[in-house]
Amino acid sequence: MYLNEAATYNSKNTLSFSAFFELNEVKASTLSYENNEYVEKVVEKFTQKDDLNSSFYDDTKSLNFVYPNLRKGSKSTLKYSQKIKNPRFLTPFYFGEYYPVKKNKVTIIADKNVNLEFRKFNISDDKIKFTKEEKRKKTIYTWVVNDQTEFDFEADTPTFKTILPHIVPIITSYKIKKENKQLLGEVSDLYNWYYSLVENVNIEAPNQELVTLVSKITADKKTDLEKVKAIYYWTQKNIKYIAFEYALGGFIPRESNEVFRKKYGDCKDNSSILYRMLEIAGVKGSLTWIGTRDIPYTYKEVPTPVVDNHMILSYENNGRTYYLDATGRYIKFGIPTSFIQGKEALVSYGKEFKIKKVPIIDAKINAVIDTTTIKIENGSVLGTAKTSISGYPKIDLFHNLEDENTQTKLKQLYNNKFVKGNNKFLINSFKEINKYHYDNDFIVDYDFEIKNYSKKLGNEIYINLNLNKDLSFYKTDKKRENAIEYDYQRYFSYTTKLEIPKGYKVDYIPESVKVSSSLLTSVITYSVKNNHVIYNHKITLNFLVLSLEQQKKVNKQIKKIEKNYKEIVVLKKE
């Protein structure tokens, strides 16, 4: 039932299906309250579309429809049946939503020869009533929740799977023809199935052109590490990421020869050609299954295909594991893609496997280091700056730069990215160094002007040297009710040198300020040297996710720094 005027925004609805999830008997309708009674209007048009959004794409399609005449007071009904063709693919059941739920009942009826386990997440047993009963040759599992209040949706909250109460059903084994068949329940069960899908990939001889290419790429490389790096960069640059699969093609990599011939593929195909190219170079890689950060489970918690959605290649050298994901571009060798940081990886060693944890990249690798020199002329600030960017911020910026194909668009982008002082900041000219380079920091040299930024009153000049106030972006709303998630940890370093105008001396500089904790460190210092006021501001953000309690601590620290953001330097005429 739709309780307000926003009902029309819910008119569009979508159901997903694929070769594994067959959709049948879909019926939908709107019940509109007219003349003191509900009148039913049946949905007659259903439109089928390909769904191309998933990394681990398995031919998912969507069935789209619109509830007719949906408005305040209306009800919608939806009924459909679904046939799941692989017993490993049972999906979670959710007991809460971002709207109130009057009653939610889930019933699973299983043959007695089918053994089930249920992994619970975010569930309070006193709210959700569970019963299990035996009837003839069936076992009936039932969960009921009444009057579930809505869960608040907030921007940048970690995946809803960390918030909404749900169960993940797992068929651990079943008995057929008096024989017990083990299916899932342990990580080894999941791995054995995964391995059965990949063990016969790349058994044909490698394409001679591919062999020649690998020899050429690695010809001047002296170590295995250098060879792997060269092959990894070639794959990122030359194999385009396109996901288009059918049925088990969503789980089985294509032959490396086919990927090489087509020059495109999905995450598994990228892993396949990486594996083969390393093999040609005499180096051993390992196919690796992994879930992106929007999947919060460990392999032990949920040893089913629900736990992951991505494939990469792992390489070990001198006790260190390198996680190679060639689906993106500009990813520096030695750092994983940002969306798998901190995640468990299921690494294949033939019939054996290991679970490893992908590291979270240190804040100082994801650095923005800015050195600026400014002078004051007629109230305006004229300056030159060098901004050096590394790690994930560099990757993000390179992706942005791909869309800026004119000098005007580029300048506009840099005006937004490097803005200093206020909205009157304007770059006059710029120079790019190491653009699209995988290893080296990206550097932009530029000169700029900020009109009417300083203030002159009598024989004094006032200027705020806090040209960049990035830390304020990380202060969260005190009314927030959920954790907040960021793409990666960050480091900022700003140095601003103010040339003291002729005939003036420094009358006042603010005191230095520092806050420090395991989550956030920020330091602002001022000094006077060689006719310059030198301002330094360093920020280290050591978090990916902040709980509500952590947000309070970080906000308190940020407020202390923000007080200094208002401080000014005073120059007095001699």
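The values are calculated or read from the model by the stated rules, or taken from the named source; none is laboratory data. Remember, predicted model here, so these are calculated numbers, not experimental data. As a convention, Cβ positions derive from the backbone with ideal geometry for all residues, glycine included, and neighbour counts pool all protein chains shown. Ligands, DNA and RNA are excluded from the accessible area calculation, which covers all protein heavy atoms including side chains. Shrake-Rupley method; radii C 1.70, N 1.55, O 1.52, S 1.80 Å.
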ask   = Under a plain spin-label model, where a point goes 7 Å from the Cα along Cα-to-Cβ, how far apart in nm are residue 485 and residue 142?
value = 3.5
task = For residue 424, put the label point 7 Å out on the Cα→Cβ axis and report which residues of the range 458-479 keep their amide N under 20 Å from it.
result = 458-469
Pairs of lysine residues in the range 442-515 - Cα separation under 22 Å, sequence separation of 8 or more or cross-chain = 16
At most 14 other Cβ within 10 Å, DSSP loop - trypsin sites (Lys or Arg not before Pro), the range 299-350 = 300
query = Over what distance in Å are the Cα centres of the range 1-32 and the range 299-375 separated?
reply = 37
key: Karplus-derived HN-Hα couplings along the range 268-278 (A = 6.51, B = -1.76, C = 1.60, θ = phi - 60°), whole Hz, x at Gly and Pro   = 5, 5, 4, 5, 4, 6, 4, 4, 5, 5, 5
ask   = Once the principal axes of the Cα atoms of the range 324-477 are found, what is the range along each, listed largest first in whole angstroms?
value = 80, 37, 25
request  = For every helix of n ≥ 4 consecutive DSSP H residues, a contribution of -39,500 (n - 2.57) applies; sum these over the chain, divide by its total residues, and give [θ] at 222 nm rounded to the nearest 500 deg cm²/dmol.
outcome  = -5500 deg cm²/dmol
inquiry  = Taking the Cα centroid of the range 201-244 and of the range 85-142, what is the distance between the two, rounded to the nearest whole Å?
reply    = 47
key: Straight-distance crosslink candidates among aspartates and glutamates, where the alpha carbon sits under 17 Å from residue 127 and sequence neighbours closer than 8 are dropped   = 97, 147, 150
remark   = For the range 422-438, Karplus-derived ³J(HN,Hα) couplings (6.51, -1.76, 1.60; θ = phi - 60°; whole Hz; x for glycine and proline) come out as 7, 6, 8, 4, 8, 7, 8, 8, 8, 9, 9, 10, 6, 5, 6, 7, 6
task = Check cross-link reach from residue 237 to the lysines: straight Cα distance under 23 Å, and skip same-chain residues fewer than eight apart.
result = 216, 221, 222, 227, 229, 262, 263, 268, 284, 332, 394, 435
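Using Cα-Cα distances under 8 Å and only pairs 6 or more residues apart, what relative contact order does the range 221-342 have, in percent?
Values: 181 pairs, mean separation 30.9, N = 122.
Reported relative contact order: 25 percent.
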request  = Report in % the part of the accessible area of the chain that belongs to carbon and sulfur, leaving out ligands and nucleic acids; probe 1.4 Å.
outcome  = 48
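If you take the Cα atoms of the range 428-545, find Rg, then find the Kirkwood Rh from the mean of 1/r over all pairs, what is Rg/Rh?
On the way: Rg = 18.3 Å, Rh = 17.7 Å.
Taking Rh as the inverse mean 1/r over Cα pairs, Rg/Rh reads 1.03.
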request  = Return the loop-located trypsin sites (Lys or Arg not before Pro) in the range 1-108 (DSSP other than H, G, I, E, B) with at most 10 other Cβ atoms within 10 Å of their own Cβ; answer none if there are none.
outcome  = 45
In sequence order, calculated HN-Hα J values of the range 365-374 (Karplus, 6.51, -1.76, 1.60; Hz; x Gly/Pro) = 6, 9, 10, 10, 10, 10, 10, 10, 10, 10
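Would you mind computing the Rg to Rh ratio of the chain from its alpha-carbon coordinates, Kirkwood style for Rh? Show your work: numbers first, answer last.
Numbers: Rg = 29.3 Å, Rh = 28.2 Å.
Across the chain, the Cα-based Rg/Rh ratio is 1.04.
Which values, in whole Å and largest first, are the semi-axes of the equivalent ellipsoid of the range 78-134 obtained as the square root of 5 times each eigenvalue of the Cα gyration tensor? Before the final figure, lay out the partial values.
Values: eigenvalues 97, 57, 30 Å².
Equivalent ellipsoid of the range 78-134: 22, 17, 12 Å, largest first.
Where does the range 129-171 land on Rg/Rh, using Cα atoms and the Kirkwood Rh?
Values: Rg = 15.4 Å, Rh = 13.6 Å.
Rg divided by Rh gives 1.13.
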message = If amide hydrogens are placed 1.01 Å from N in the peptide plane, which non-local residues have theirs closer than 5 Å to the one on residue 504?
response = 574
query = At q = 0.18, 0.23 Å⁻¹, what base-10 log of I(q)/I(0) does the Debye formula yield for the range 140-218 when every alpha carbon is treated as an equal point scatterer in vacuo?
reply = -0.97, -1.15
key: Over the range 228-298, volume per residue of the alpha carbon convex hull, in Å³   = 115
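Counting heavy atoms of the protein chains only and a 1.4 Å probe, report the per residue accessible area for the chain as a whole number of Å². Show your work: numbers first, answer last.
Working: 30100 Å² over 574 residues.
On a per-residue basis, 52 Å².
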task = Let me know the Kirkwood hydrodynamic radius for the range 220-347, please, with Cα pairs as the basis and the value in Å to one decimal.
result = 14.9
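In Å, what Kirkwood hydrodynamic radius results for the range 142-275 from the alpha-carbon pair distances? Display every interim value, and only then the final one.
Working: mean 1/r = 0.0516 Å⁻¹.
That comes to 19.4 Å for the range 142-275.
For the range 175-230, take N as its residue count and report Rg(C-alpha) divided by 2.2 N^0.38 Å. Write out the running numbers ahead of the final one.
Values: Rg = 20.2 Å, N = 56, 2.2 N^0.38 = 10.2 Å.
Normalised by 2.2 N^0.38 Å, the Cα Rg of the range 175-230 equals 1.99.
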ask   = Using every alpha carbon pair in the range 389-467, what percent of pairs falls into each 5 Å bin from 0 up to the bin containing the largest distance?
value = 3, 13, 21, 20, 16, 10, 7, 5, 3, 2, 0
